[in-house]
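A short worksheet on the structure shown next.
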Amino acid sequence: MRTLRHPEGLDLELGGRLERLDIAYHTYGCLNERRDNVVWVCHALTANSDVADWWPHTVEEGAFLDPAKWFVVCANIIGSHYGSTGPLHENPLTGEPYYADFPAITIRDMVAAHRILAAALGIGRIHALVGSSVGGFQATEWAVEEPERFGRLILIATGAKASPWAIAIDETQRMAIKADATWGERRPDAAMAGLAAARAVGLLTYRGSEGYNLTQADREELPEVRRACSYQQYQGEKLCRRYNAYSYVSILDAFDTHDVGRGRGGQDRMLRRIECPAMVIGITTDIIFTPVEMRRLAGMMPGAVYREIDSPFGHDGFLVEHAQLNSILIPFINSNTHDNERH
């Protein structure tokens, strides 16, 4: 991991300011002489800039993010726990960490940081922009801001606007965190019990009933501890070992701001600006971004086609079904043209 310190800070969309802006990032492969082999990946909620770590079998030889062919870049989003400026960073104005005082950020602010990093790395045109889930929010936003910059757009299990259903999921998680009596305390491990509960709520929506019923069935009729219960406890504790509640809430809040048409004349108008070849991928059992919604998203972009991953693992299918993902994306990312037929 490397870190860019941007000396000018960042003015935020909702009126705040980050006086000190650090952007953590990873790169894989080499930028070629023509500087035309950049693939930029935008990561999801609690992931980091190390794509090879959280997206198995995608950043390797023969995969769609093959580092022998592409110069792959991923920036950790601001507000996160993994190196970019976030709630646990020091506020230069106070000399103490921000914690709950971290200013409100939006998806557009995250994209502003991406653009700063791209400029610092000397990256102009980007061959392909890739985003899944909240990463897809960033990718869609960036694509409507600079449609001429991208040769390809890949959107996986995401949307052009945060839906009321997705916002309700976020609010339920925030309620769990803020019900923890330690929320607001100025320490990095505040609201850990609330964070664990929030993660358990989130997992229900990431996997859905089919995924749970397939993997968490009890092996005996009346166990002392139900397998599904221990799984929820484990996943909550696992997140608490690697994350913090203030970053989690900050990013959930940013999630809810997402709307590429906000203040710009609506989604339809803005999505029509994306004329590059685009691949929109839905997942059969995703209950956050349903296949119906993903097909609709594809239909709103002039150069988009729709494909679907068949998976019992819901929204998390994009992290699991790497073989299907590679089979769909390798021809698309490598081709000069693509079939505009809608499916």
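The values are calculated or read from the model by the stated rules, or taken from the named source; none is laboratory data. Computed from a prediction, not measured in an experiment: that's the story for all the values here. Cβ: placed from backbone, ideal geometry, glycine included. Neighbour counts: every protein chain shown. These accessible areas exclude ligands, DNA and RNA; they are computed on the full protein's heavy atoms, side chains included. Shrake-Rupley method; radii C 1.70, N 1.55, O 1.52, S 1.80 Å.
Structure data summary
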| read-out | value |
| --- | --- |
| Pick from segment 230-246, criterion among the hydroxyl-bearing types (Ser, Thr, Tyr) and more than 20 Å from SER84 (Cβ to Cβ), ranking: surrounded by the most Cβ atoms within 10 Å (Cβ to Cβ) | TYR231 |
| Tally, over segment 104-131, of residues that are within 19 Å of ASP259 (Cβ to Cβ), open to solvent by less than 40 Å² (accessible area, probe 1.4 Å) and in a loop (DSSP other than H, G, I, E, B) | 2 |
| Pair list, Cβ under 7 Å, 6 or more apart: segment 196-214 residue more than 11 Å from ASP286 (Cβ to Cβ) and in a helix (DSSP H, G or I), other residue of a type in the set (Asp, Glu) and open to solvent by 40 Å² or more (accessible area, probe 1.4 Å) | ALA196/GLU237 |
| Test for ALA193: is it within 22 Å of ILE169 (Cα to Cα), of a type in the set (Gly, Ala, Ser), within 23 Å of the chain's Cα centre (by Cα) and open to solvent by 40 Å² or more (accessible area, probe 1.4 Å) | no |
| Unique residue being small (Gly, Ala, Ser) and within 19 Å of the chain's Cα centre (by Cα) when the list is GLY314, GLY266 | GLY314 |
| Search result, residues across segment 286-311 that are open to solvent by 30 Å² or more (accessible area, probe 1.4 Å), closer than 27 Å to GLY62 by Cβ and touching a Ser or Thr at 6+ places or on another chain (Cβ under 7 Å) | GLU308, ASP310 |
| Which numbered condition PHE71 fails, given (1) surrounded by fewer than 16 Cβ atoms within 10 Å (Cβ to Cβ); (2) within 30 Å of ASN334 (Cβ to Cβ); (3) touching a strand residue (DSSP E or B) at 6+ places or on another chain (Cβ under 6 Å) | (1) |
| Enumeration of residues in segment 82-96 that are of a type in the set (S, T, N, Q) and either in contact (Cβ under 8 Å) with a residue 40 or more places away in the chain or part of a strand (DSSP E or B) (or both) | SER84, THR85, ASN91 |
| Residue within segment 261-274 that is open to solvent by less than 40 Å² (accessible area, probe 1.4 Å), without any contact (Cβ under 8 Å) to a residue 12 or more places away in the chain and more than 26 Å from LEU65 (Cα to Cα) present | yes |
| Every residue from segment 198-214 that is of a type in the set (Gly, Ala, Ser) and buried (at least 21 other Cβ atoms within 10 Å of the Cβ) | ALA198, GLY202, GLY208, GLY211 |
| Selection within segment 247-258 - open to solvent by 10 Å² or more (accessible area, probe 1.4 Å) and among the hydroxyl-bearing types (Ser, Thr, Tyr) | SER250, THR257 |
